[in-house]
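Accompanying notes for the structure given below.
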Amino acid sequence: MLLAIDTSAGTSVAVVDLHRGVIAERAEADTMRHAEIVGPFILECLREANISPETLSGVVGGMGPGPFTGLRVGIASARVFALGAGRPLVPVISHDAIAYGHYLRGHHGPLVVVTDARRREVYWSAYSQADATGLPVRVGPPGLAKPAELDDPNWLHAGWNRLDAATVSAGELGMVAELTHSHHRSFAPDEPLYLRSPDVTLSAGPKRVSR
């Protein structure tokens with residue numbers, strides 16, 4: 001049984017089990033309330049599932065891609081909760097959850113998942129299909145682009161089905177983790193996919209003081 005947390009778009013928390021599916025889930029599309037609601041969502045999901053942290057086998061963290069400010073809230077929450085519960089952190093790329101849900105609902109064929117990166121840019125990930133286990137087969141790492149680039153007929157994946165998503169389901173994120181583990185696949189690296197530098201950076205050297 002896993003606790004799954006994702007804040008790459010809105011905020012979503014879920015408790016899942018390989019055989020029972022999504023047991024409890026909370027979600028909020030507002031991209032400005034991650035830090036405010038992720039804690040209460042965790043408590044509500046654990047209570048609804050009627051489990052305590054020590055009964056979990058791991059904590060799934062959505063690694064993005066996502067904007068720096070929002071994405072780091074979910075990853076930090078997953079890491080801290082995993083540390084406190086003495087359970088491993090399980091990293092999963094957030095777009096994989098979106099693609100998993102798409103194929104789970106009966107769709108087939110090549111797919112491009114697109115989410116808002118702000119600053120008039122989008123994040124995208126391409127998938128060739130779902131494999132026999134139901135896991136989406138991603139073609140390369142997620143990317144960052146201007147919307148017009150994806151609309152260009154000469155773009156690499158032009159003509160593929162496109163899914164523009166505003167949210168990520170932590171329930172589907174958790175099920176990707178469960179299936180990945182049960183079929184002995186490799187998990188994503190434990191590295192946030194910001195795909196661009198944060199707005200605020202440290203200066204390269206000491207600030208000069210004029211007199």
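Pro147 falls short of the stated requirement of being crowded, with 19+ Cβ neighbours inside 10 Å and either acidic (Asp, Glu) or modelled with pLDDT of 95 or more (or both). The residue of region 1-41 that is surrounded by the fewest Cβ atoms within 10 Å (Cβ to Cβ), among those that are among the charged types (D, E, K, R) and within 21 Å of Glu54 (Cα to Cα), is Arg20.
Taken as a whole, region 145-163 holds no residue that is in contact with a Ser or Thr (Cβ under 6 Å, 6 or more places away or on another chain) and under 16 Å from Leu195 (Cβ atoms).
Looking at region 94-118 only, could you name the residues that are assigned to a strand (DSSP E or B) and either surrounded by fewer than 16 Cβ atoms within 10 Å (Cβ to Cβ) or free of Cβ contacts under 8 Å to residues at least 24 places away in the same chain (or both)?
The one that is assigned to a strand (DSSP E or B) and either surrounded by fewer than 16 Cβ atoms within 10 Å (Cβ to Cβ) or free of Cβ contacts under 8 Å to residues at least 24 places away in the same chain (or both): Arg118.
Report yes if Thr133 is surrounded by fewer than 19 Cβ atoms within 10 Å (Cβ to Cβ) and either of a type outside the set (Phe, Trp, Tyr) or part of a strand (DSSP E or B) (or both), otherwise no.
So Thr133 passes the test.
Scanning region 42-93 for residues being surrounded by 21 or more Cβ atoms within 10 Å (Cβ to Cβ), more than 15 Å from Met1 (Cα to Cα) and free of Cβ contacts under 8 Å to residues at least 40 places away in the same chain gives a total of 0.
The values are calculated or read from the model by the stated rules, or taken from the named source; none is laboratory data. In this text, all values refer to a predicted model and were calculated from it rather than measured experimentally. Heads up, the Cβs are rebuilt from the backbone with ideal geometry, glycines too, and the neighbour counts pull from every protein chain shown.
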